[in-house]
Amino acid sequence: CYPTTTFIMTSFPVDQTRAFGKLILFGEHFVVYKVPALVGAVSAYTDCKLEYTAEPGLEVIDNRPAVPLYKEKKMDEGIEAINLTLTHLGVDTKKRGVKLTFGGDLTCASGIGASAAQVVSLARAVNIADSRSLSEDEINAAGYEGEKGYHGTPSGIDNTAATFGGLLRFQRTEGAPIFDKKTLVSPIRIVYASTGITASTTEVVGDVRSKKEADEAWFADLIGKYTKLCEEGQKAVEEGDMDKLGKLMNLNHEYLQELTVSCKELDDLVVAARAAGAVGAKMSGTGRGGLMIALTPTEEIQNEVASALEKLAPQVWKTTFA
């Protein structure tokens, strides 16, 4: 039983609620079917301030930066995700009011894991406000429950990256997911860019499932090729082989095109990034909008690719997995 008394804190430590965005190097959509994926957390984060109020109910103030229409399109899913997270943690807004203020520097866009960062930061805020001692695994579990509001049946990869950070090998199982942090021999410099298009993860994942069910043999062949690719990608990461890693990212993009989850806007950004010097580029995340990522071995190439993409994309960012 968790405490139900009002918690008073003169200065809420929002910096302790930070949860990171993510970029998938390999495995979007395939990871749902219990094969490995590689995901890296970005340095940008979402945080959350929680205040208990005298009047029952839920008030949400969303100050997160976002691409146009993202928060409007995701509003209903977001409220559902927040309620699922609070319910999982035993917080009943019918008994005591909750005011949440979300902030941070993670720009919300399809593919960056903004929904997971939101609910993981919320779980951290509840942990602080109620003076609990939740483990990181318990925070992650609460984030997974919240993700159901956005994604229906989430893989768990986004909330795991949001919780633990770093570069992770992730694999869904019938039970708890398996994940381990990778130690990098050299930094992985990334440029990522937004199409400005917000897609519904639930709808796109559902479409992929329909394609799988319509042709199981085709999907089995494709996921088999992807699994081999991911194993090679993990080895390239461990050896610091950026050229090999880039080639595998390019191939992963082709597999995602075959799944029909890419789109012209993503493909155009991929082509532009490669032309500007990226050794590999692919869509990342849900697809049919959202983000693309480019692998840039040096700081000079990273800057050149970012400059080229800024001519096409509404938002462009640089990050480094280290």
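The values are calculated or read from the model by the stated rules, or taken from the named source; none is laboratory data. This one's a predicted model, so the numbers in the text were calculated from it and none came from an experiment. Here the Cβ positions follow ideal geometry from the backbone for every residue, glycine too, while neighbour counts run over all protein chains shown. Remember, those area values only see protein heavy atoms, side chains included, never the ligands or the DNA or RNA. Shrake-Rupley method; radii C 1.70, N 1.55, O 1.52, S 1.80 Å.
Please specify each residue of segment 128-171 satisfying the condition of being charged (D, E, K, R), in a loop (DSSP other than H, G, I, E, B) and more than 22 Å from Ile79 (Cβ to Cβ).
Arg132
Exactly one of (1) modelled with pLDDT of 95 or more; (2) assigned to a helix (DSSP H, G or I); (3) open to solvent by 30 Å² or more (accessible area, probe 1.4 Å) is unmet by Asn252. Its number?
In the conditions (1) modelled with pLDDT of 95 or more; (2) assigned to a helix (DSSP H, G or I); (3) open to solvent by 30 Å² or more (accessible area, probe 1.4 Å), Asn252 misses (3) alone.
What's the number of the condition Thr101 fails, among (1) out of contact with any Phe, Trp or Tyr (no Cβ under 8 Å at 6 or more places or on another chain); (2) crowded, with 24+ Cβ neighbours inside 10 Å?
With (1) out of contact with any Phe, Trp or Tyr (no Cβ under 8 Å at 6 or more places or on another chain); (2) crowded, with 24+ Cβ neighbours inside 10 Å applied to Thr101, the lone miss is (2).
Residue by residue through segment 207-227, note down the ones that are open to solvent by less than 40 Å² (accessible area, probe 1.4 Å) and either over 22 Å from Met283 (Cβ atoms) or touching a residue at least 24 places away in the same chain (Cβ under 8 Å) (or both).
Within segment 207-227, Val208, Leu222, Ile223, Tyr226, Thr227 meet the criteria.
Restricting to segment 74-89, what's the tally of residues that are open to solvent by less than 50 Å² (accessible area, probe 1.4 Å) and either on the phi > 0 side of the Ramachandran plot or not acidic (Asp, Glu) (or both)?
Qualifying residue count, segment 74-89: 7.
Looking at the structure I just gave you, is Ala306 open to solvent by less than 60 Å² (accessible area, probe 1.4 Å), touching a residue at least 24 places away in the same chain (Cβ under 8 Å) and either part of a loop (DSSP other than H, G, I, E, B) or more than 16 Å from Val39 (Cα to Cα) (or both)?
In short, yes.
May I ask you to say which residue of Val191, Val271 is open to solvent by less than 60 Å² (accessible area, probe 1.4 Å) and at pLDDT 95 or above?
Every option except Val191 fails the conditions.
Quick one: how many residues across segment 216-249 are of a type outside the set (Lys, Arg), in a helix (DSSP H, G or I) and within 25 Å of Arg189 (Cα to Cα)?
Going through segment 216-249 one residue at a time, the tally reaches 18.
Which numbered condition in (1) part of a helix (DSSP H, G or I); (2) open to solvent by 10 Å² or more (accessible area, probe 1.4 Å); (3) not polar (S, T, N, Q) is the only one that Arg288 fails?
Arg288 satisfies all of (1) part of a helix (DSSP H, G or I); (2) open to solvent by 10 Å² or more (accessible area, probe 1.4 Å); (3) not polar (S, T, N, Q) except (1).
Going through Ala44, Ala116 one at a time, which residue ends up being closer than 30 Å to Glu254 by Cα, open to solvent by 10 Å² or more (accessible area, probe 1.4 Å) and small (Gly, Ala, Ser)?
The unique qualifying residue is Ala44.
Within segment 291-303, track down each residue that is open to solvent by 10 Å² or more (accessible area, probe 1.4 Å) and outside any loop (DSSP other than H, G, I, E, B).
The answer is Glu299, Glu300, Ile301, Gln302, Asn303.
Checking the conditions here, which among Lys49, Lys22, Lys95, Lys71 is in a strand (DSSP E or B) and either in contact with a His (Cβ under 7 Å, 6 or more places away or on another chain) or open to solvent by 10 Å² or more (accessible area, probe 1.4 Å) (or both)?
Answer to the selection: Lys49.
What number of residues within segment 228-243 are open to solvent by 30 Å² or more (accessible area, probe 1.4 Å) and closer than 22 Å to Thr260 by Cα?
Residues in segment 228-243 being open to solvent by 30 Å² or more (accessible area, probe 1.4 Å) and closer than 22 Å to Thr260 by Cα: 1 in total.
Listed here are the residues, each with its yes/no results for (1) open to solvent by less than 10 Å² (accessible area, probe 1.4 Å); (2) within 24 Å of Ser284 (Cβ to Cβ); (3) of a type outside the set (Ser, Thr, Tyr); (4) touching a helix residue (DSSP H, G or I) at 6+ places or on another chain (Cβ under 9 Å).
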{"position": "Ala109", "(1), (2), (3), (4)": "yes, yes, yes, yes"}
{"position": "Ser131", "(1), (2), (3), (4)": "no, no, no, no"}
{"position": "Asp137", "(1), (2), (3), (4)": "no, no, yes, yes"}
{"position": "His151", "(1), (2), (3), (4)": "no, yes, yes, yes"}
{"position": "Leu168", "(1), (2), (3), (4)": "yes, yes, yes, yes"}
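Does Ala41 satisfy being among the small types (Gly, Ala, Ser) and closer than 30 Å to Glu238 by Cα?
yes
Does any residue of segment 175-186 turn out to be open to solvent by less than 20 Å² (accessible area, probe 1.4 Å) and part of a strand (DSSP E or B)?
no
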